[in-house]
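Have a look at this one.
The values are calculated or read from the model by the stated rules, or taken from the named source; none is laboratory data. Predicted model only: the values in this text are computed from it and were never measured. Virtual Cβ from ideal backbone geometry, glycine too; neighbours counted across all protein chains shown. To get the accessible areas, we keep the full protein, side chains included, count just its heavy atoms, and leave off ligands, DNA and RNA. Shrake-Rupley method; radii C 1.70, N 1.55, O 1.52, S 1.80 Å.
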Amino acid sequence: MVLESAIAEEVITNNLKQFLLVLSVSLGVATLPQIFSWFRNIPYTLLLVIVGLGLAFVDVRLVTLSPELILFIFLPPLLFEAAWNLKWAELKRDLVPICLYAVFGVVIAIAGVAIALNQLVGISLTTALLIAASLSATDPVSVTALFRELGVDSRLVTLMEGESLFNDGMAVVAFGFLVALSLGTVELEFQPILLQLFTVVGIGVAVGAFIGFGISYLTQRFDLPLVEQSLTLVSAYGTYLIIEDLGGSGVIGVVTTGLILGNFGSRIGMNPRTRIIVSE
């Protein structure tokens, strides 16, 4: 018992040291523009990417992040925040190009990366396709942050964010199909692929919409900012976990819930003060 307690304390101490080290590096990068004036022309997010690439090049690992930690801890609130702030009117205006980018863009990206890996690096085509599928669903957090700092047209920001929010369903289906294809459990047919895509996306949209509208009407019954703030956070994580267990796209579900709460629930069920608190 004492040994287990000591091990637990050591793990906590190591995690705390790693967190403080990452925080120190981030704060150090943030102060660079204040010390050296020529750094002021480089956005903060881009500076973080450059520093991260430099640390990776010299093989310095500040913290070990497991895929589960990224998927279950960081991803849901990031997606929810982006969807919450995405205006439905702007999204509806550009829905066709966003869907084209999210579907055909992902297919083109998979084909391009796979061919490059196969021809230039010599990786087998099957492995190259799997790598390409896992890389095709990109997250544009740093890009959209850069767009906002540079004052880029809002429509380009909407296209970028919208495509990134909806390309997950296509990427998940593509990866699952390629794995099954390499194992010989499926055949290259259009109908099963389309059916799987609709199933993954449909479960995400249906459950996400149910949770989004449910919380929207629930928040109409009371005016408690802290409770409503907690509900939005719980909805981000809860939606993701529930839909993933049901075999759908948790990302699509969180995006759907965030869109509904940001464009509908926050308007009918929250007063302006509460909406500002939740948004911040």
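Can you tell me which residue among Val152, Val157 is touching a Lys or Arg at 6+ places or on another chain (Cβ under 8 Å), more than 28 Å from Ile193 (Cα to Cα) and modelled with pLDDT under 80?
Matching residue, one of Val152, Val157: Val157.
Is it true that Leu165 is in a helix (DSSP H, G or I), within 18 Å of Glu81 (Cβ to Cβ) and out of contact with any Ser or Thr (no Cβ under 7 Å at 6 or more places or on another chain)?
yes
Is at least one residue of the stretch 195-211 exposed (fewer than 14 other Cβ atoms within 10 Å of the Cβ) and more than 22 Å from the chain's Cα centre (by Cα)?
Checked against the condition, which is being exposed (fewer than 14 other Cβ atoms within 10 Å of the Cβ) and more than 22 Å from the chain's Cα centre (by Cα), the stretch 195-211 yields at least one hit.
For the stretch 195-214, name all the residues that are in contact with a Gly (Cβ under 6 Å, 6 or more places away or on another chain) and either at pLDDT 85 or above or polar (S, T, N, Q) (or both).
Of everything in the stretch 195-214, those that are in contact with a Gly (Cβ under 6 Å, 6 or more places away or on another chain) and either at pLDDT 85 or above or polar (S, T, N, Q) (or both) turn out to be Ile203, Gly204, Val207, Gly208.
Does Ala174 satisfy the condition of being open to solvent by less than 70 Å² (accessible area, probe 1.4 Å), at pLDDT 70 or above and assigned to a helix (DSSP H, G or I)?
It is true that Ala174 is open to solvent by less than 70 Å² (accessible area, probe 1.4 Å), at pLDDT 70 or above and assigned to a helix (DSSP H, G or I).
Quick check on the stretch 220-228. Is at least one of its residues touching a helix residue (DSSP H, G or I) at 6+ places or on another chain (Cβ under 9 Å), free of Cβ contacts under 8 Å to residues at least 12 places away in the same chain and assigned to a helix (DSSP H, G or I)?
Looking through the stretch 220-228, at least one residue is touching a helix residue (DSSP H, G or I) at 6+ places or on another chain (Cβ under 9 Å), free of Cβ contacts under 8 Å to residues at least 12 places away in the same chain and assigned to a helix (DSSP H, G or I).
Name the residue, out of Ile260, Ile252, that is of a type in the set (A, V, I, L, M, F, W, C), over 17 Å from the mean Cα position of the chain (by Cα), buried (at least 21 other Cβ atoms within 10 Å of the Cβ) and under 23 Å from Phe198 (Cα atoms).
Among Ile260, Ile252, only Ile260 is of a type in the set (A, V, I, L, M, F, W, C), over 17 Å from the mean Cα position of the chain (by Cα), buried (at least 21 other Cβ atoms within 10 Å of the Cβ) and under 23 Å from Phe198 (Cα atoms).
Here are some conditions: (1) β-branched (Val, Ile, Thr); (2) open to solvent by 30 Å² or more (accessible area, probe 1.4 Å); (3) under 30 Å from Ile276 (Cβ atoms). Ile98 meets all but one. Which one does it not meet?
Among (1) β-branched (Val, Ile, Thr); (2) open to solvent by 30 Å² or more (accessible area, probe 1.4 Å); (3) under 30 Å from Ile276 (Cβ atoms), Ile98 violates only (2).
Looking at Ala102, Ala109, Ala82, can you tell me which residue is within 30 Å of Ile242 (Cα to Cα), at pLDDT below 80, of a type in the set (Gly, Ala, Ser) and in a helix (DSSP H, G or I)?
Ala82
For the stretch 228-249, give me the residue count where each residue is exposed (fewer than 13 other Cβ atoms within 10 Å of the Cβ) and farther than 29 Å from Ala102 by Cα.
Residues that pass the stated criteria total 1.
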